[in-house]
Amino acid sequence: MKKGRLLLLCFLLLMASLPSMAQITTEPVEEGDTSEHSVKPAPKYREDKLWKWSNFYVGGVPGFGISSYYMEVSVAGEAGYFVHNRIALGLQSSYTYSYDRYYEVSYNIIRSAPYIRGYIWEGLFAEAAYEFTTLKNFKDRLNGGVLVPRFTSNSLLLGGGYHDSYENGFGFYFAVLASVLNTNSVLNANPAFQLGLTYRFSGNKHD
């Protein structure tokens with residue numbers, strides 16, 4: 001009899017403890033649950049950012065030429081951005097100082113050219129650029145020392161070239177561009193030959 005009462009008492013204690021056990025039972029958190037028990041996923045790197053350092057590149061090249069009667073010093077730079085894997089938009093600019101001792105002529109030339117460059121296969125590309133050229137302080141002493149403070153010319157350039165290692169790191173390129181629209185052929189060579197060095201930045205998790 002005492003044994004039966006003991007079993008009944010254990011059964012009643014077990015039944016009384018079931019509600020409290022149910023309260024502490026954790027249920028699996030459904031996707032999108034914002035309760036305090038849910039585990040928030042780690043933020044993911046967004047691949048659709050408008051600006052990525054890995055798409056940005058810079059470049060430039062200095063120039064120097066000298067002879068018995070002629071001297072020229074120039075510096076050129078550029079910056080560009082890949083809006084697509086094989087399409088880049090950029091801007092080139094340069095400054096040149098020339099002096100011809102034989103003709104006693106000295107002048108400064110400033111050029112700037114926004115361009116679009118499309119890579120056809122590997123490093124081969126086609127390019128279209130619109131170049132703005134300004135000649136300043138042109139002085140011809142043989143013609144009475146006439147000083148021309150400013151002279152401008154615009155030119156639409158079409159052509160192509162090759163860019164080594166354009167995908168990342170350091171590289172070089174050369175291009176040949178023909179002028180199809182030139183407001184003054186005196187200031188713009190046709191065709192125009194270009195040579196430059198570039199550096200494309202590498203991406204990272206903060207890109």
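Please treat every number below as a calculation from the coordinates, not as lab data. Quantities reported herein were computed from a predicted structural model and do not represent experimental measurements. Here the Cβ positions follow ideal geometry from the backbone for every residue, glycine too, while neighbour counts run over all protein chains shown.
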Quick one: if you stick a label point 7 Å off each Cα along the C-beta vector at Ala128 and Leu158, how many nm between them? 0.8 nm
Would you mind computing, in nm to one decimal, how far apart the modelled labels at Tyr99 and Asn137 are, each placed 7 Å from Cα along Cα→Cβ? 1.1 nm
Based on the Kirkwood radius over alpha-carbon pairs, what is the Stokes-Einstein translational diffusion coefficient of segment 75-165 at 10 °C with 1.306 mPa s viscosity, in µm²/s? 105 µm²/s
Quote to one decimal, in nm, the extra length available between Glu72 and Leu197 on full extension: 0.36 nm per residue of separation minus the C-alpha distance between them. 43.0 nm
